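> My questions all concern the structure below.
The values are calculated or read from the model by the stated rules, or taken from the named source; none is laboratory data. Source: prediction; values computed, not measured. A quick note on method: Cβ atoms are made from the backbone with ideal geometry, for glycine too, and the neighbour counts reach across all protein chains shown. Ligands, DNA and RNA are stripped out before the accessible areas are found, and what is left, the full protein with its side chains, is counted by its heavy atoms. Shrake-Rupley method; radii C 1.70, N 1.55, O 1.52, S 1.80 Å.
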Amino acid sequence: TVESITGLYSTPAQLEQYAQLVRGNTALIVQAGPGYGLDDPTLGSVMMNELAVWTIIAVALMNIFVVVRHTRTEETTENAELTRAAPVGRYTGTAAALLCALVSTVAVATGVGLVLAMSGLSVTGTMAFGVSLVGAGSVFASLTAVTSQIAATPRSALALSGTALVIAFVARAVGDIGDGRLSWLSPIGWAQAIRAFADERWWVLLIPAVTSLLLILAAVALQARRDFGAGILAQRTGRPNAPATLGSPLGLGVRLHRASIVAWSVGLGLTGFFYGVVGEQAESIFEENPDLESYFDHLGDASITDAFLATSILMMALLAMGLTVSSVLRLRSEEVAFRADLVLATPTSRSSWWSSRLAVTSIGVTVALTAMGAATGAGFAAMTGEAHRIAQLSFAALLMVPAQLVVVGIAFCLVAWWPRRAMLAWGAVAVIVVIDLFGALLELPQWIVNVSPFQHVPAVPAAPAQALPIVVLLSCAAALVAVGSAGIRRRDIG
């Protein structure tokens, strides 16, 4: 991103042109922030407007997952009992998790700072952005330490912290659009208010520092008042009799995956609606910037609007791989936790067990992509009145399903043949993302670019739909699943 922005905005005229596009543009302010420093734009202020919010969110998510993994998850899996049996204090696990999150955040901030400094940006601004990441990361790590005491399960703790992150984003967005007061209630707003590369305000660092300390004290107080292995909020009592749907592997799979499918569908839908709203302004954003417009040259003679919408669908489909891979890897997590043994002890065949989970994953990602495409079309239609875009972009999103099924096949093969290294499926996701987002920038050879299944999906609405690539992708997915099924039949469960 730094390389791209440096090339796009290398002159004062180009920097001013960028500032004019962003200033007063509500959709872009929601996405990027208030635009500190864009009254007298510099490369650093443009960089922050493009990078800051999403880097802060990435660091926040990292810390949320790290703290839940090393607190609530350790208690749920009973691993923490082994640690607590040793001569350690009650709060050792929480302290270790917070220290791990802090070290990770400092490492990320240092890496980001080195990249910015190597690009010729000022050391002062680079340091300000680095400490803003550490401040925001510390707040969300401390907040998650609190939610891990409140919630009774890891998923509930993740849900509470994730909800807090969404509220922080919304508060920051509404505040930036308005008079700015509401932004001061958001940790994301605090990180941006340090104003890296725009007359830095170092005193703002006191806010996340004090907030983190107070949250840590709250986590300690809550941990002292709850039972080990339980949360402050007790789990809801289940119904006395299971519904009939749980009598089949497919019904059980739906029950286990429905929360994540709903969450991903809502998240992708909201993201898609935002891209649809911004898509209405694509022509005005790009028409005066030939360098930025050239990014879409690979889509041929399509209009800027169609090219933008097609690229947005692709980016969100890449994001949806998170749902795809996490759902498939749940097969492995159930093995490790011995829950698969309980299912396979019933008259349930091994093939029924894994095939039902892959079916739920496929249906779930289809539902999420459909919601994303329909919401993108609805956002665009709300701004332009072109109602036909809803069906068009829903169809474009559905065309991404075969590529997702190839990812399902890759993850399943790892689970089946190399279960101890199943997490390498996330490495495949990283490779695909790099190819699709940075392949042209890195000038990768075409044979490497063709490795990504998403490169073969027709870029509707910028390009016509074609049946052959879809058939080939479905065939590849079926072949991968067949290879995986052979592997999982040959090995021991667990």
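> Tell me the label-point distance for the pair residue 236, residue 100, using the 7 Å Cα-to-Cβ offset, in nm and rounded to one decimal.
With each label placed 7 Å out from Cα toward Cβ, I get 3.0 nm.
> Only loop residues by DSSP count here, and only those with at most 11 other Cβ atoms within 10 Å; note down the trypsin sites (Lys or Arg not before Pro) in the range 95-198 that meet that.
181
> Might you report the magnitude of the Cβ-based charge dipole of the range 409-494 about its Cα centre, with Lys and Arg at +1 and Asp and Glu at -1, to the nearest 20 debye? Before the final figure, lay out each step's value.
Numbers: 5 positive and 3 negative charges, 96 e Å.
So the magnitude is around 460 debye.
> Label the chain by shape, choosing from rounded, prolate and oblate, from the square roots a ≥ b ≥ c of the eigenvalues of the Cα gyration tensor; if a/c is under 1.5 it is rounded, and otherwise prolate applies when a/b is larger than b/c, oblate when it is not. Please list the in-between numbers first.
Numbers: a/c = 1.86, a/b = 1.13, b/c = 1.64.
Oblate, because a/c is 1.5 or more while a/b does not exceed b/c.
> Tell me the accessible surface of residue 70 in square angstrom (1.4 angstrom probe, heavy atoms of protein chains only), to the nearest ten.
Spelled out: residue 70, probe radius 1.4 Å, area about 80 Å².
> Now a separate question. Report the Cα centroid-to-centroid distance between the range 191-265 and the range 106-165 in angstrom, as an integer.
15 Å
> Please return the longest stretch of the chain lacking exposed loop sites, where GluC sites (Glu not before Pro) count only if DSSP places them in a loop and at most 10 other Cβ atoms lie within 10 Å. Could you put the intermediate results ahead of the total?
Values: sites that count: 78, 443.
Looking at the chain, 79-442 is the longest stretch - no exposed GluC sites (Glu not before Pro) with at most 10 other Cβ atoms within 10 Å.
> So for the chain, averaging the separation of alpha carbon pairs under 8 Å that are six or more residues apart and normalising by length, what relative contact order in percent results? Numbers along the way, then the final one.
Numbers: 684 pairs, mean separation 65.4, N = 494.
This gives 13 percent for the chain.
> Then there is this: Measure off, as a whole percent, the carbon and sulfur share of the 1.4 Å-probe accessible area of the chain, all protein chains present.
Values: 15370 of 23400 Å².
In the chain, the share of accessible area belonging to carbon and sulfur is 66 percent.
> Is the shape of the range 406-453 best called rounded, prolate or oblate, per the rule: a/c under 1.5 gives rounded, else a/b larger than b/c gives prolate, else oblate, with a ≥ b ≥ c the square roots of the Cα gyration tensor eigenvalues? Please list the in-between numbers first.
Numbers: a/c = 3.21, a/b = 2.49, b/c = 1.29.
Since a/c reaches 1.5 and a/b is larger than b/c, the shape of the range 406-453 is classed as prolate.
> Filter the trypsin sites (Lys or Arg not before Pro) in the range 403-494 to those in DSSP coil with at most 15 other Cβ atoms within 10 Å of their Cβ, and list the result. All intermediate terms of the calculation are to be shown ahead of the outcome.
Working: sites: 420, 421, 489, 490, 491; in loops: 491.
For trypsin sites (Lys or Arg not before Pro) across the range 403-494 that sit outside H, G, I, E and B with at most 15 neighbouring Cβ atoms in 10 Å, the list reads 491.
> For the chain, report the accessible area per residue in Å² (1.4 Å probe, heavy atoms, rounded to an integer). Intermediate values should be presented prior to the final figure.
Values: 23400 Å² over 494 residues.
Value for the chain: 47 Å² per residue.
> Out of all Cα-Cα pairs in the range 165-213, roughly what percent, to the nearest whole number, are more than 18 Å apart? Intermediate results must be reported in sequence, preceding the final value.
Working: 343 of 1176 pairs.
Value for the range 165-213 (Cα pairs over 18 Å): 29 percent.
> Would you kindly state the longest site-free stretch of the chain, with sites defined as chymotrypsin sites (Phe, Trp or Tyr not before Pro) in a DSSP loop (not H, G, I, E, B) surrounded by at most 11 other Cβ atoms within 10 Å? Spell out each step's value before the answer.
On the way: sites that count: 228, 338.
Answer - 1-227.
> I've got another one for you. Can you tell me the FRET efficiency between residue 246 and residue 351 if r is taken as the Cβ-Cβ distance and R0 is 22 Å, rounded to the nearest 0.05? If you can, show how the numbers build up before the last one.
Details: r = 19 Å, r/R0 = 0.88.
Plugging the Cβ-Cβ distance into 1/(1 + (r/R0)^6) gives 0.70.
> Checking a compactness column here: for the range 357-494, what do you get for Rg(Cα) / (2.2 N^0.38 Å), N being the number of residues?
Numbers: Rg = 17.0 Å, N = 138, 2.2 N^0.38 = 14.3 Å.
Normalised Rg, Cα atoms only: 1.19.
> At 1.4 Å probe size, what's the solvent-accessible area of residue 262? Round to the nearest 10 Å².
Result for residue 262: roughly 90 Å² accessible.
> Mind checking which helices in the chain clear 20 Å along their axis (Cα) and have mean Kyte-Doolittle hydropathy of 1.6 or more, DSSP H runs only? If you can, show how the numbers build up before the last one.
Values: long enough: 43-70 (39 Å, 1.54); 92-118 (39 Å, 1.93); 123-150 (41 Å, 1.31); 154-177 (34 Å, 1.22); 206-223 (26 Å, 2.27); 249-279 (42 Å, 1.05); 304-336 (49 Å, 1.17); 350-384 (51 Å, 0.74); 401-417 (24 Å, 2.20); 425-442 (24 Å, 2.33); 467-490 (35 Å, 1.72).
Qualifying helices, which must be both long enough and hydrophobic enough, are 92-118, 206-223, 401-417, 425-442, 467-490.
> How high is the FRET efficiency between residue 115 and residue 446 when r is their beta carbon distance and R₀ equals 25 Å, given to the nearest 0.05? Don't jump to the answer; show the numbers that get you there.
Values: r = 28 Å, r/R0 = 1.11.
Result of the calculation: an efficiency of 0.35.
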